[in-house]
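Laboratory data are not the source of any read-out in this text; all were calculated from the coordinates shown. Computed from a predicted structure; not experimentally measured. No Cβ is skipped: glycine too gets one built from the backbone with ideal geometry, and neighbour counts run over all protein chains shown.
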Amino acid sequence: MRVQSRSWLAVACALASCATSPEHVPTGVAEPGEPSLPPIESRSGDEISVAGQLFHTGTRVVLWDEPGAYDAYAQELRFPDEPGDPKSKPKGARHGIRKGLPDDVATQIADRGWSLAELRDQVDQFVVHYDVCGTSRQCFKILHDRRGLSVHFMLDVDGTIYQTLDLKERAWHGTKANDRSVGVEIAHIGAYPKPEHRVLVEWYDRNETDLPAGKGPRVRFPKWMKTTGVRTADFVARPARPALIEGVVQGQRLYQFDFTDEQYEALAHLVATLHEALPRIALDAPREPDGSVVSKVLDEDRFDAFEGVLGHFHVQKNKTDPGPAFDWERVLTRARELSARTRDRTD
Ligand SMILES: [Zn+2]
């Protein structure tokens with residue numbers, strides 16, 4: 001049973017997982033070292049690091065140097081002691097230098113690193129993924145250790161955000177968006193073509209009798225996942241809306257339970273802070289003429305021109321994350337509200 005579940009996960013992650021292979025990414029030389037962060041004791045625990053500068057988010061962020069963090073600068077495997085996996089990648093960098101700058105600027109940056117102003121010019125998209133792994137711990141294990149990829153942020157079921165790399169780094173999560181984007185992998189098992197798909201049956205306790213009002217069925221982490229790594233003790237993850245959500249992404253009808261309230265609230269704080277730190281990341285998503293969020297890949301011109309928040313499915317035709325349940329308006333409305341408050345305080 002355990003073996004079966006594990007191979008299921010390997011297949012699911014290989015086929016459906018959202019990050020993309022480094023073949024799409026010109027290799028380039030990774031910047032040596034990592035930016036130094038101020039001592040943990042001097043920080044509030046809600047900061048993100050942008051070209052070495054810290055920005056407060058108002059929600060818990062675990063930076064890559066904290067105990068129990070996920071450090072994408074590390075060249076060794078994060079989980080070397082867990083059951084052997086011949087597919088785990090050898091040591092090596094899982095990130096690179098953002099490209100697309102004039103040659104002379106690129107040379108200077110390679111020598112001295114990015115300034116915030118330079119990064120503000122370069123980065124104008126935020127790409128939202130779900131991880132098809134269910135927890136951030138499992139996501140890092142698959143994405144970083146096994147597949148040799150990376151993403152700036154992971155957002156766990158309890159709303160804890162992990163930053164694994166400074167935003168100056170080019171992470172490997174979204175093919176043609178990598179040079180200009182920041183990425184987040186939200187812990188979520190994904191969307192499926194049938195409402196009774198066995199993953200949905202396995203992961204959500206739909207026979208639960210004492211369902212709290214307004215919330216969906218409890219997430220059941222599989223038994224083989226001995227440790228979830230969720231930082232909030234005894235956290236029970238529940239979809240923010242009770243019903244299984246049906247919708248069409250990329251022309252495919254899909255079924256998906258919602259993300260957690262904690263994830264939505266933390267994500268809105270992150271989006272608002274990204275807009276503050278990197279203002280070209282506008283607080284909006286691609287829209288249809290009727291105002292609804294586009295539910296499929298953007299054509300090339302539109303993608304090139306777009307500055308703001310994207311789903312992975314807006315970037316690539318072969319992706320459907322973050323799926324039909326992702327509540328764009330909830331995230332964007334809340335992010336605009338938080339952003340306006342920040343502006344009021346600083347004006
Ligand atoms: Zn993705």
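Results, tabulated for the structure shown:
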item: HN-Hα J in Hz across the range 289-304 - Karplus 6.51, -1.76, 1.60, θ = phi - 60°, x for Gly and Pro; result: x, 7, x, 6, 6, 4, 10, 8, 4, 7, 6, 4, 5, 5, 4, 4
item: Reciprocal of mean inverse Cα separation for the chain (Kirkwood radius, Å); result: 20.4
item: The chain: calculated mean residue ellipticity at 222 nm from DSSP helix runs of at least 4, using -39500 (n - 2.57); result: -7500 deg cm²/dmol
item: Neighbour cut-off at most 12 other Cβ (10 Å), DSSP loop, trypsin sites (Lys or Arg not before Pro), the range 243-347; result: Lys317
item: Rg/Rh for the range 172-287, where both radii come from Cα atoms and Rh is the Kirkwood radius; result: 1.00
item: Length added when fully stretched, Ser36-Thr209, from 0.36 nm per residue minus Cα-Cα; result: 57.3 nm
item: Relative contact order (%) - criterion: Cα under 8 Å, at least six apart; region: the range 201-262; result: 28
item: Of the trypsin sites (Lys or Arg not before Pro) in the range 62-157, those whose Cβ has at most 14 other Cβ within 10 Å and which sit in DSSP loop; result: Lys87, Lys91, Lys99
item: Residue pairs, from the table Lys215/Lys296; Lys141/Lys223; Lys168/Lys319, whose Cα atoms sit over 23 Å apart; result: Lys215/Lys296; Lys168/Lys319
item: Average silhouette area of the range 70-186, convex hull of alpha-carbon atoms, in square nanometres; result: 7.8
item: Solution diffusion estimate, µm²/s, Stokes-Einstein, the range 132-212, Kirkwood Rh from C-alpha pairs, 4 °C, viscosity 1.567 mPa s; result: 91
item: Placed amide H near Ile186: partners under 5 Å, 5+ positions off or other chain; result: His129, Tyr130, Asp131, Leu155
item: For Phe306, net neighbour charge (Lys/Arg +1, Asp/Glu -1) across residues whose Cβ lies under 13 Å away; result: -2
item: Nearby aspartates and glutamates by direct alpha-carbon distance to Lys317 (threshold 14 angstrom, same-chain neighbours under 8 apart not counted); result: Asp299, Glu300
item: Gain in span if fully extended, Glu337 to Glu246, counting 0.36 nm per residue against the direct Cα distance; result: 30.0 nm
